[in-house]
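Each remark here refers to the structure printed beneath this line.
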Amino acid sequence: MSYLKLERKNQPDTTVKTGQVMMTPSVSEDYWEYRVGLTESQAVIGFPKFMTIGIGFAVEEDWNTNLPYLCTTEEIRQHIWHNRGDETITKEMVDEAIQLIREAAAEDKGEDLAAEEAAFTERKAGR
């Protein structure tokens with residue numbers, strides 16, 4: 001049985017929108033709507049960004065490394081993995097944390113995660 005726990009908070013989207021241009025919000029370890037702690041010093045977070053939820057590590061060496069929650073769990077993990085910062089963090093832990101956040105975000109948006117992920121994947125492939 002897993003010990004990972006999803007935390008939630010009401011995080012306003014601070015993406016800067018000017019006409020058709022959007023700029024990245026000030027992302028930090030305190031800017032999150034969904035959080036799953038992995039160690040005392042590291043968590044996977046989901047946060048509002050560009051009208052979606054971005055998922056990445058709370059503490060990053062390489063700033064602003066995240067992907068939208070509609071990417072697959074594996075795509076997100078592979079993209080953010082280098083920022084885990086702690087060798088005791090396993091791929092299984094990160095996958096579970098990402099999946100918890102993806103499911104919560106889809107639920108809060110009233111979306112079917114599998115259907116939305118498939119549609120997003122098709123759009124990325126240019127179909």
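Counting lysine pairs in the chain that sit 8 or more residues apart in sequence, or on different chains, and whose Cα atoms lie under 24 Å apart gives 12. Of all the options Gly56, Gly19, Gly46, the one that moves most in a Gaussian network model of the chain with Cα springs shorter than 10 angstrom is Gly19.
Comparing Ala97, Ala58, Ala115 in a Gaussian network model of the chain, where Cα atoms under 10 Å apart are tied by springs, the biggest mean-square fluctuation is seen for Ala115.
Membrane-span-like helices of the chain, defined as complete DSSP H segments with a Cα extent of 24 Å or more along the helix axis and a mean Kyte hydropathy of at least -0.5, are identified as 91-108.
Across Lys91, Lys109, Lys49, mean-square fluctuation computed from a Gaussian network of the chain (C-alpha pairs under 10 Å connected) peaks at Lys109.
Charge tally for Ser41 (other residues, Cβ to Cβ under 10 Å; Lys, Arg +1; Asp, Glu -1): -3. One entry in (1) 28, 16, 11; (2) 22, 18, 14; (3) 39, 16, 12 is semi-axes √(5λ) of the Cα gyration tensor in Å calculated from the shown coordinates; its label is (2). Only helices enter this figure: runs of n ≥ 4 DSSP H residues, each worth -39500 (n - 2.57), summed and divided by the residues of the chain, yield -9500 deg cm²/dmol at 222 nm to the nearest 500.
Every read-out reported here was derived from the displayed coordinates using simple, explicitly stated rules and does not represent laboratory data. Note that this is a predicted model, so its numbers are computed, not measured. Cβ atoms come from the backbone with ideal geometry, glycine included; neighbour counts cover every protein chain shown.
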